[in-house]
Each structure stands twice: as structure tokens, then as C-alpha cells.
Number of protein chains: 2
Amino acid sequence: MKLSEKSRSRQDYLKAILSLELNGAKVSTTSISEKLKTKPASVTGMFKVLSDLGLIEYIPYRGAELTKPGRTEAISLMRKHRLWETFMVENLGFKWDEVHEIAEQLEHIESKELIDKLDAYMGYPSFDPHGDPIPDADGNLCDRRKLVQVNMLKQGDTASVQGVLGSSDTFLRHLGDLGIRLGLVFTVMRVFEFDGSIQVEFEDEDWNMKEMTWSKKLVEQLLAELK
Amino acid sequence: MKLSEKSRSRQDYLKAILSLELNGAKVSTTSISEKLKTKPASVTGMFKVLSDLGLIEYIPYRGAELTKPGRTEAISLMRKHRLWETFMVENLGFKWDEVHEIAEQLEHIESKELIDKLDAYMGYPSFDPHGDPIPDADGNLCDRRKLVQVNMLKQGDTASVQGVLGSSDTFLRHLGDLGIRLGLVFTVMRVFEFDGSIQVEFEDEDWNMKEMTWSKKLVEQLLAELK
DNA sequence: TTAATAAATTAGGCATGACTAAAACGCGCA
DNA sequence: TGCGCGTTTTAGTCATGCCTAATTTATTAA
């Protein structure tokens, strides 16, 4: 009996459980069965399996809860789902509403290497095209509420680059050319709007003066955390 | 009974059968069982299913043969496998020997849109990193023997662009900037080598003069068919 | 405290796709 | 023609993960 084996089904259950937990809802067999379009009786069966695998804490008639390993696995699935969605929208030109179904399949591809390289290829985006945060390789989520768009910064603000909302090839190349990378700490020297585009002048850690002059939309794509 | 459903297993069998047919080998239960690491008895069972689905012609004790729909499906899998391998090597920076296992998973992703967009994203490569031809969206294979590398063309040759051997981002962008696209018909005006790099001057259908000046390796990546 | 109701579990089946063991086939060679 | 051996098929199991129907548990209201 290969109880250690991952399966599509088990992964779908873990994802559904994480989703309910994040909503603060009780993880009951009914709620899961609704999410997965199965029947409560089937959920009971799977809860036993997941419990035996140490992925959930399951008390009959009381519901289930992810354990540490279970949560790690579920977050890894969320990461894969959102990175693939981002790739399809930003690189392949899909519309944001066309990618969910395909990402449901892609998230089950087993290869940490693949997803980490895809992450790097896209410039480590912090949010997917729906605006949901993408967990990093260690499973950490970026809290959007703490971030501001670069065009909202004021003179004298010091902040660090934390993410990119939407990360098309050209935009990322542009950022790279300017030496703008994730984690860069900078101080805003001047912000002004001119003829429909926004210009931000800033100084980086090495006291080098840089500037961005983009359409308003492009500047808004760059997220930073105030220091 | 949902006999029309595609399954991972069935697809693996179709691929194995195609592979043996391309080698000119007889498609026996034993040979398939060796390829798929199952037992001949299991193959017999699956042959019946595939036969009922109209994907193979199966005569007990005689072996199996792909039908038209079966072959189409198998070639689509080959296309997906090779395109994903190409993507992983050319765009994500994998080594050519690291990608097979992952492509075995990716080839089962069901979405014609996805694979066609990935194909376009990479510039419609004709060969994968192992040098095997990639079927196009209609299942047509490119016969490598009929193609020549652009640096082998001589003054006055007329040819059409048929493929790119390896298609890194930068290389493809470069080609795009020059207006070089799949199917472009052109006539070579001048070829010469200078200081380790090769220069090809050519005229396209609209009589515009263009030139490529690249390292020898880059020019060799571009494949064309003589007219 | 108990009865009613909603939710969860158990019991028993079914389809898929693997397996083993045993029987049937096919082909080469005497 | 017929024997024998390797290949193939049949028969019967097993695990996964789903289902329905019947039972059990928890909770709420009288």
C-alpha cells in the first residue's frame, strides 16, 4: 500500500481545505463536497486517508484542519496555480478569465525546479492577474495591504521594491535596464506628472540617481513597501 | 460508462504505440508492456478499451495499429511533449537532459489554446532541443533533411524560413526586429564571413534589403527550405 | 429531558487500471 | 502433421476514489 503517494484527488482536497480555512469557515464534509462537487460520504473517506497521511487533523463529526505538512503542500499548490495563471496572462496573452481551468491542471505538475524557474523567468511576481498574492518559494505570502503603488509615494519617502502587478516581458526588461529589482531600497527625490505620463526620480542605496518616466499605468504596476 | 473520456493511462499507451510504429516495430503486448513498465496482461485489457474507443485497430494475437484518430491524438501528445521540452530548455534555462520527466507530465495538460500560444510565444520552433522535429498545430512534421542552415545558402539562392534551431528570447526578438518570420521567402544577395561573424544580406518578397550579422552559431540556428 | 432535524459516517457497489496465475494460441521445426 | 515453447489472452484480485442508501451523531427547540 503506497500511502505516501501524492494524487491529484488528495491535492484537490488539500486545496479546498486551505481555501475554506483562509475564509475562516469551518471545514465540514458538506462544505468540501460542495467545493469539489462530490458527496459528503466521499469526503469522509478522503478525510481518513489524509489524516492517516498526517496532512490533516480529523475528528469525526467535528471537521478537519490542515497540519503543518498539509498546509505546506496546499500553499505549494496555490503558488503553482497562481504562477501558471500569471504566466499565461502576462507571457502568453490569455485573458485573465480564461486561465483558471488550465491552471487547475498545471498546478499538479510535480517539479519544484520547474516552478521556481518559471517564477524567476517572470521576475518573481508578488501578485497574480486576479490580484491575489503569490506565495514565494518558502511559502510566504505578501500582504498587499502593506504595499503601496510607486506613484503614491511622496518626496522623501524611502521604500523597497516588493512586487510587480502584471509583469509583461517588455515591462520587466525595462525594469531590469533601470537596475530595478526585487528588494531594492530607494528614496524618492521627485514625483511629477507631465503630459499624461508620470516621472519618478529616486536615489538607490549606492546614491545613484535614477528616474522612471512611464505611462501612469506602468508606474502603478510597481509595488513598494514603505520603510 | 464514460468511454469517451481521455485518461493519462490511455494517452501513455497511444504514445507508446506511436513510438513503436515510427520505429517500424511490431506493436505487441509485450513490447508495449516493456515500454510502459506494466505486464502484457494489462496491455491486452487496455488494447480492448482503445479499440472500443476507435483509437487503435486491434486483432487478438496479432497486435495493434493506430487508427486515424488515434494517430492524431498521439501526434498531439508528441507535439506537446516537444514544445514543453523546448520551452524549458530555451526559456527557463534547463539542461536538455533534465526536461524529459517533467515534459511527460506537461504533455497531458489538456488545452489546445495553451499549447498553440506557447508555440507562438517561442516562434514556432521546428525542432526540440534533442533535434527531434516538432509537429505543427495540424500535426505535420518538418523533415529536417530537406532543410538547410542559412549560413549554407549561396548568392542567388531563394528560400523560405522554415524553422529555428533553439529559440532563445533574445534571438527571437532579434529575428522579429529584422522582420524575419516563419514562411518568409527571400533571396540571398551576399554572404560573407568577417572577424568570426557571418553576414547575410537578402531581399524579401517586397524587394526590401535586409541583413543579418551574427555569430556563426546564431546564423546556423535559422533553417530554410530552398525553392 | 426528549424529540426532531440536519450533518456525518458506515456499508455496499461500481469503474479504472494495475496485478498474478492459468489456459489458449501460433509458429517453427522435426 | 504434430510437438513444444514463447506469447497472448482470460479469469479472478486489489487499490483508489467515486456513488447511493441506511444508520448514527450532534444540536436545537419544545
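The values are calculated or read from the model by the stated rules, or taken from the named source; none is laboratory data. Remember, predicted model here, so these are calculated numbers, not experimental data. With ideal geometry, Cβ positions are generated from the backbone for all residues, glycine too; neighbour counts draw on all protein chains shown. Accessible surface areas use protein heavy atoms only, side chains included; no ligands, DNA or RNA. Shrake-Rupley method; radii C 1.70, N 1.55, O 1.52, S 1.80 Å.
The single residue among B:80, B:35 that is part of a helix (DSSP H, G or I), within 23 Å of residue B:129 (Cα to Cα) and within 15 Å of DNA strand C (Cβ to nearest atom) turns out to be B:35. Within segment A:184-217, the set of residues being in contact with a strand residue (DSSP E or B) (Cβ under 8 Å, 6 or more places away or on another chain), outside any strand (DSSP E or B) and of a type in the set (A, V, I, L, M, F, W, C) comprises just one member, A:184. When restricted to residues that are closer than 25 Å to residue A:175 by Cα, acidic (Asp, Glu) and surrounded by 19 or more Cβ atoms within 10 Å (Cβ to Cβ), segment A:86-123 contains 2.
Mind listing whichever residues of segment A:27-45 are open to solvent by 30 Å² or more (accessible area, probe 1.4 Å) and within 8 Å of DNA strand D (Cβ to nearest atom)? Passing the criteria: A:36, A:37, A:38, A:39, A:40, A:41, A:42, A:45.
The one condition from (1) more than 14 Å from chain A (Cβ to nearest Cβ); (2) more than 9 Å from DNA strand D (Cβ to nearest atom) that residue B:8 does not meet is (1). Answer yes or no: is there a residue in segment B:103-111 that is within 24 Å of residue A:121 (Cβ to Cβ), within 16 Å of DNA strand C (Cβ to nearest atom), within 16 Å of the chain's Cα centre (by Cα) and assigned to a helix (DSSP H, G or I). Among the residues of segment B:103-111, at least one is within 24 Å of residue A:121 (Cβ to Cβ), within 16 Å of DNA strand C (Cβ to nearest atom), within 16 Å of the chain's Cα centre (by Cα) and assigned to a helix (DSSP H, G or I), which makes the answer yes.
Among the residues of segment B:109-125, the ones that are facing chain A (nearest Cβ under 8 Å) and within 23 Å of residue B:17 (Cβ to Cβ) come to 2 in all. Could you please find all residues in segment B:72-102 being at the interface with chain A (Cβ under 10 Å from one of its Cβ atoms) and of a type outside the set (S, T, N, Q)? Those that are at the interface with chain A (Cβ under 10 Å from one of its Cβ atoms) and of a type outside the set (S, T, N, Q): B:84, B:87, B:88, B:92, B:93, B:94, B:98, B:99, B:101, B:102.
When B:53, B:66, B:77 are checked against the criterion of being in contact with a Lys or Arg (Cβ under 8 Å, 6 or more places away or on another chain), away from DNA strand D (no atom under 12 Å from the Cβ) and over 30 Å from residue A:117 (Cβ atoms), a single residue qualifies: B:53. Across segment A:184-213, the qualifying residues are those that are aromatic (Phe, Trp, Tyr) and surrounded by 19 or more Cβ atoms within 10 Å (Cβ to Cβ), and the one among them that is nearest to the chain's Cα centre (by Cα) is A:186. For segment B:118-169, filtered to residues that are part of a helix (DSSP H, G or I) and more than 22 Å from residue B:186 (Cβ to Cβ), the residue that is modelled with the lowest pLDDT is B:169.
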